[in-house]
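The values are calculated or read from the model by the stated rules, or taken from the named source; none is laboratory data. Quantities reported herein were computed from a predicted structural model and do not represent experimental measurements. As a convention, Cβ positions derive from the backbone with ideal geometry for all residues, glycine included, and neighbour counts pool all protein chains shown. Side chains included, ligands, DNA and RNA excluded: accessible areas come from the protein's heavy atoms. Shrake-Rupley method; radii C 1.70, N 1.55, O 1.52, S 1.80 Å.
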Amino acid sequence: VQLQASGGGLVQPGGSLRLSCAASGTIFSSDVMGWYRQAPGKQRELVADIISGGSTNYADSVKGRFTISRDNTKNTVALQMNNLKPEDTAVYYCKLRSDYFVRDYWGKGTLVTVSS
């Protein structure tokens, strides 16, 4: 399983960005896909995840601003980030939890910088 994330960049406070992650390999719609982030000097934390049925889970800090979605036909997961704040600055990682292989897979991170 390989994950390829894209879409990071520099944005002003209040702006929007959309992250995308494409998974390849042995993927099942039952696998949980999600986004994590790690800010400088902090631990990696869950941003949002989604299961095949569409059930989602968000960190309190992003509720109402971020939306996670997935396309099981393309094995992709996206994170729409609106009303970005400087504290959202971090490296964002895509993750897939494989029930088949009983392990987590991580993509390379993509940097999101929110600054004026």
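Brief remarks on what is shown
- Taking first residues from region 33-57 that are closer than 22 Å to residue 100 by Cα and partners that are open to solvent by 40 Å² or more (accessible area, probe 1.4 Å) and in a loop (DSSP other than H, G, I, E, B), the Cβ contacts under 7 Å between residues at least 6 apart in sequence or on separate chains come to 36/44; 52/29; 52/30; 52/72.
- Condition met for residue 27 (assigned to a strand (DSSP E or B) and either at negative phi or β-branched (Val, Ile, Thr) (or both)): no
- Within the option set 8, 14, being at pLDDT 95 or above, among the small types (Gly, Ala, Ser) and open to solvent by 20 Å² or more (accessible area, probe 1.4 Å) holds for one residue only, 14.
- Check on residue 90, touching an Asp or Glu at 6+ places or on another chain (Cβ under 8 Å) and not aromatic (Phe, Trp, Tyr): no
- Of the set (1) of a type in the set (D, E, K, R); (2) free of Cβ contacts under 8 Å to residues at least 40 places away in the same chain; (3) touching a Phe, Trp or Tyr at 6+ places or on another chain (Cβ under 7 Å), all apply to residue 60 but (3).
- Verdict on residue 28 being open to solvent by 40 Å² or more (accessible area, probe 1.4 Å) and aromatic (Phe, Trp, Tyr): yes
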